Amino acid sequence: MLGPKKRRSILAMTLVALVATTAMLAYATVTVEGVRNRISQKIRLKFKVENLVIKVVPFESDSWTQQGRFQSIVVAADKIHRKGIAIRNIHIKAFDVVLDIKELYGDGDIKTKSRQKTVFSGRAYKDDLNKMLALKKSPIENLRVDFENNKLVFTGKFRFAFGHNLRMVGELRVEDHRKINFVPTAVSVNGIPLPAGPLRSMLSKLNPLIDFANIPLQPKVDEIKVEKDYILIKSK
């Protein structure tokens, strides 16, 4: 007769084997519906989303489906939100994309092995940007942004050797197709230009304003346009 310790050991090994078997079966046969569900689950696990839509279009060859290769994958949502950053009216479409099926059905992120092209568009609204700025660890108190004449204007309280009414006017630039940085063209505190040293320190804590490195399907960002109350972000 087996003792309690031996029975617990056998039970533990059985559970491990069962989990491993289930994981293998999960992607032993890849289906379009299964892939769509896994993408949806992983996005919802990592982001807060509103009206998420996933579309997976296969090629005619089922062998390509088993390899994780699809004609196109679309991820769209009214809003995707994470760590204070909210992107609205988001639409991502990857063409001739190969997913890492092992990662998708395992504990990893949504990873693409290859893709022919990814098209992206989304909007960052002024109100959402200001909520995000309130979470930034910055030396500027009451930091907020407004849009004026297709430029961004940041204002707040910045204590330096003189005064503390900060005003920064500038534009947005994309770095490495992933990060959106604010680049000032004029910076002053109480109307006096801010020296380069404090400015660099301040910008290092402010940028990047938005980082797309973890967005599903890893879209590349190429174009930014400042509209009346939002920033339009697109790929070419």
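The values are calculated or read from the model by the stated rules, or taken from the named source; none is laboratory data. Note that the structure is predicted; figures quoted are calculated from it, not measured. Virtual Cβ from ideal backbone geometry, glycine too; neighbours counted across all protein chains shown.
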Filtering segment 43-62 down to residues that are in a strand (DSSP E or B) and touching a Lys or Arg at 6+ places or on another chain (Cβ under 9 Å) yields Lys48, Val49, Glu50, Ile54, Lys55, Val56
Out of all the residues in segment 17-30, is one or more at pLDDT below 95, within 20 Å of Asp96 (Cβ to Cβ) and surrounded by 12 or more Cβ atoms within 10 Å (Cβ to Cβ)?
yes
In the set Asn207, Asn190, Asn181, Asn214, the lone residue that is under 21 Å from Arg144 (Cα atoms) and touching an Asp or Glu at 6+ places or on another chain (Cβ under 8 Å) is Asn181
If you go through Lys111, Lys117, the only one that is under 19 Å from the mean Cα position of the chain (by Cα), closer than 11 Å to Pro216 by Cβ and of a type in the set (Lys, Arg) is Lys111
Among the residues of segment 80-135, the number that are among the basic types (Lys, Arg), out of contact with any Phe, Trp or Tyr (no Cβ under 9 Å at 6 or more places or on another chain) and within 20 Å of Leu209 (Cβ to Cβ) is 2
Over segment 168-190, the set of residues over 29 Å from Lys236 (Cα atoms) and touching a residue at least 24 places away in the same chain (Cβ under 8 Å) is Val189, Asn190
Considering segment 147-160, residues that are among the charged types (D, E, K, R) and surrounded by 13 or more Cβ atoms within 10 Å (Cβ to Cβ), and then whichever is farthest from Phe182 (Cα to Cα), we arrive at Lys157
